[in-house]
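A.B. asks: Handing you this structure, nothing more for now.
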Amino acid sequence: MKIIMLGAPGAGKGTQAKRIADKWQIPHVSTGDIFRANIKQGTELGNKAKAFIDKGMLVPDELTIELVIDRLQQSDCANGYVLDGYPRTIPQAESLTSELNKLGESVDYAINVDVPDENIVRRMGGRRACLTCGATYHIAYAQPKQEGICDRCQNALVLRDDDKPETVLKRLDVYHAQTQPLIEYYENQGILRTVDGTMDMEDVFKAIVDILGA
Ligand code: ADP
Ligand code: AMP
């Protein structure tokens, strides 16, 4: 099963992608996580990406497309994957379609997690992230067992630099300008499914399971 998660930053793509990955036993491929791991390790890619991420901008397609193509060729992706945060531009989507076409394959579903902008800023301010294992929490809606500490790996949780309110507003602008057009792109391919992302996380997951057919 090959699944794409669409939606604004903070809509809940990562939260749901992790649950899909667990249930269907497929890898969760998050470009944001890959960039953050590279930033943490101080790689050349990480240094280049950081300049864009900190400003709330997208990392250029030249740096992103190859990275994802390589990742999807790894053996753990042979039976499918859930892509979170990719594609985010029409050229990224077109590249994915054509790479899959070469293999006679295609994406099964693009799940659009729909959340209005008003809810997003509130959600992002409360998000806490583990930069070691990629787990995500919320100070009100998804608390860790021990405040400020990751349940999975016991490292410290942080407010991501790009989750500060001024950067979130910029990211929302970028989303509307560059990523939202993908909704129509996948609608035209007949694989778009929209879920109401303002519901409780459990109900959002139930709606996704209904679509994917448990
Ligand atoms: P994205 O991957 O789309 O950027 P996340 O999955 O990281 O978004 O979710 C953003 C924040 O909102 C996190 O702190 C997460 O715990 C919280 N969150 C996710 N889904 C919901 C939901 N349905 N209701 C309330 N909060 C949510
Ligand atoms: P995310 O963790 O998905 O919210 O991504 C964090 C940031 O990484 C984004 O705001 C972008 O700057 C960058 N990023 C992640 N995925 C992509 C992508 N597919 N294309 C360009 N930039 C990306």
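A.B. asks: Test of understanding: among Ile39, Ile65, Ile53, which residue is within 13 Å of ligand 2 (Cβ to nearest atom) and farther than 23 Å from His176 by Cα?
C.D. replies: Matching residue, one of Ile39, Ile65, Ile53: Ile39.
Per-residue answers, yes or no, for (1) within 26 Å of Arg36 (Cβ to Cβ); (2) among the aromatic types (Phe, Trp, Tyr):
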residue	(1), (2)
Glu147	yes, no
Cys150	yes, no
Gln154	yes, no
Leu159	yes, no
Thr167	yes, no
Tyr175	yes, yes
Thr179	yes, no
Arg193	no, no
Asp210	no, no
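A.B. asks: Related question: Name the single residue that is farthest from Gly85 (Cα to Cα) among those in segment 7-58 being touching a residue at least 60 places away in the same chain (Cβ under 8 Å) and hydroxyl-bearing (Ser, Thr, Tyr).
C.D. replies: Looking at the filtered set, the residue picked out is Thr15.
A.B. asks: Scan segment 181-197 residue by residue and report those that are surrounded by 16 or more Cβ atoms within 10 Å (Cβ to Cβ) and within 15 Å of ligand 1 (Cβ to nearest atom).
C.D. replies: Taking segment 181-197 and keeping what is surrounded by 16 or more Cβ atoms within 10 Å (Cβ to Cβ), we get 182-183, 185-186, 191-195, 197.
Selection gives Leu182, Ile183, Thr194, Val195, Gly197.
A.B. asks: In segment 118-147, which residue that is farther than 20 Å from Asp84 by Cβ and outside any loop (DSSP other than H, G, I, E, B) is farthest from ligand 1 (Cβ to nearest atom)?
C.D. replies: Glu118
A.B. asks: Here is a further query. What is the one condition in (1) within 16 Å of ligand 1 (Cβ to nearest atom); (2) closer than 22 Å to Asp173 by Cβ that Tyr81 does not satisfy?
C.D. replies: (2)
A.B. asks: Take the residues in segment 181-202 that are more than 13 Å from Ile4 (Cβ to Cβ) and without any contact (Cβ under 8 Å) to a residue 24 or more places away in the chain; name whichever of them is nearest to ligand 2 (Cβ to nearest atom).
C.D. replies: Glu184
A.B. asks: Take Leu169 and tell me if it is away from ligand 1 (no atom under 14 Å from the Cβ), under 22 Å from Thr89 (Cα atoms), under 19 Å from the mean Cα position of the chain (by Cα) and crowded, with 17+ Cβ neighbours inside 10 Å.
C.D. replies: In short, no.
A.B. asks: Then there is this: Please tell me if Ala177 is modelled with pLDDT of 95 or more and closer than 24 Å to Asp22 by Cα. Show your work before the answer.
C.D. replies: On the way: modelled with pLDDT of 95 or more: yes; closer than 24 Å to Asp22 by Cα: no.
Answer is no for this residue.
The values are calculated or read from the model by the stated rules, or taken from the named source; none is laboratory data. Everything numeric in this text was worked out from a predicted model, so none of it was measured. With ideal geometry, Cβ positions are generated from the backbone for all residues, glycine too; neighbour counts draw on all protein chains shown.
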